[in-house]
1. Select, from LEU105, LEU82, the only residue that is out of contact with any Gly (no Cβ under 6 Å at 6 or more places or on another chain), modelled with pLDDT of 90 or more and crowded, with 21+ Cβ neighbours inside 10 Å.
2. Of these, SER13, SER54, which one is touching a Gly at 6+ places or on another chain (Cβ under 6 Å) and of a type in the set (Ser, Thr, Tyr)?
3. Which residues, counting only those in the stretch 71-101, are over 16 Å from ASP150 (Cα atoms), among the hydroxyl-bearing types (Ser, Thr, Tyr) and free of Cβ contacts under 8 Å to residues at least 24 places away in the same chain?
4. When the stretch 147-175 is examined, which residues are found to be at pLDDT 90 or above and either part of a helix (DSSP H, G or I) or basic (Lys, Arg) (or both)?
5. From the list LEU70, LEU47, LEU26, pick out the single residue that is open to solvent by less than 50 Å² (accessible area, probe 1.4 Å) and in contact with a strand residue (DSSP E or B) (Cβ under 8 Å, 6 or more places away or on another chain).
6. Applying the selection to the stretch 114-130, what residues are within 15 Å of the chain's Cα centre (by Cα) and modelled with pLDDT under 60?
7. Out of PRO87, PRO111, PRO98, which single residue is buried (at least 17 other Cβ atoms within 10 Å of the Cβ) and either more than 17 Å from LEU154 (Cα to Cα) or not aromatic (Phe, Trp, Tyr) (or both)?
Amino acid sequence: MKKVILLRHAKSSWSDPNVDDHDRPLNKRGKAAAPVIAQWLAHRAHLPDTVLCSSAKRTRQTVKRMKMVLPELPDPKVDKSLYHAPPDDMRSRLVKLPKGCDTVLLVGHQPGIGALARKLSEARVRRRCARAFQHFPTAAAAVLEFDIRDWSELDYHGARFVDFAVPSELTEQDGDS
C-alpha cells in the first residue's frame, strides 16, 4: 500500500506587485494555515516519509511552517520541475520514488494539484473528498491510497480517495467545540 498526500501551498501574498510569482511569500493567513493542516495530518495518521516540494517560495515556506508543529516531517526535496507542474509531470516524479517510501507529501500549485487528484482517483469518491475536484483551496490536503507495492505501478484512476481537509474549516470546527 502506498499513500499520496497532495497539498496546495498555503495562501500567498500579493501585496508587492513587483515580486515575481515564484518568489511570492506566504501572507498572514497562509502562515497560520500551514500548522493547522500539519496538525490534521498528524491527528489522522497521514505522516509522510518523503516530502516533494515545488521550488516556489510559498511552497517551501508552507513546509517550513508545517515543521513548526510537526518536527518529524522530513526535509523537503525541492524540485523546480514541480513549479506549476501539470498532472503528468507530477505523476512522472511520483513513479520514480524509491520502493522504501510508503507515504509521500507533494506540495504544489493549482490547477495541477486538483487535476492530479482527479486523474489519480477512482470513479467513486466520498462526497467530502469530491469537493477537491470543484475547488482545491490553499493549504488543503487530499489523501489518496494505492494498492501497489512499487511506485512504478502508480497509474491514473487507481487511487482510493480517503481524506480531504481545508484549514479554515478545521479551525471553524475547533471554534464550535
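1. Values: LEU82 fails: out of contact with any Gly (no Cβ under 6 Å at 6 or more places or on another chain).
LEU105 is the lone residue from the list that is out of contact with any Gly (no Cβ under 6 Å at 6 or more places or on another chain), modelled with pLDDT of 90 or more and crowded, with 21+ Cβ neighbours inside 10 Å.
2. Details: SER13 fails: touching a Gly at 6+ places or on another chain (Cβ under 6 Å).
Every option except SER54 fails the conditions.
3. Within the stretch 71-101, SER81 is the sole residue that qualifies.
4. Residues satisfying the conditions are ARG149, TRP151, SER152, GLU153, ARG160, PRO167.
5. On the way: LEU70 fails: in contact with a strand residue (DSSP E or B) (Cβ under 8 Å, 6 or more places away or on another chain); LEU47 fails: open to solvent by less than 50 Å² (accessible area, probe 1.4 Å).
Going through LEU70, LEU47, LEU26 in turn, the sole match is LEU26.
6. Once the filter is applied, which keeps residues that are within 15 Å of the chain's Cα centre (by Cα) and modelled with pLDDT under 60, the stretch 114-130 yields only CYS129.
7. Values: PRO111 fails: buried (at least 17 other Cβ atoms within 10 Å of the Cβ); PRO98 fails: buried (at least 17 other Cβ atoms within 10 Å of the Cβ).
Exactly one residue qualifies, and that residue is PRO87.
For every residue, the table says whether it meets (1) over 14 Å from the mean Cα position of the chain (by Cα); (2) under 18 Å from PRO137 (Cα atoms); (3) of a type in the set (S, T, N, Q).
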residue	(1), (2), (3)
PRO25	yes, yes, no
HIS46	no, no, no
TYR83	no, yes, no
LEU94	no, no, no
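The values are calculated or read from the model by the stated rules, or taken from the named source; none is laboratory data. Note that the structure is a prediction, hence the values are computed from the model and not measured. All Cβ positions, even for glycine, are placed from backbone atoms using ideal geometry, and neighbour counts span all protein chains on display. To get the accessible areas, we keep the full protein, side chains included, count just its heavy atoms, and leave off ligands, DNA and RNA. Shrake-Rupley method; radii C 1.70, N 1.55, O 1.52, S 1.80 Å.
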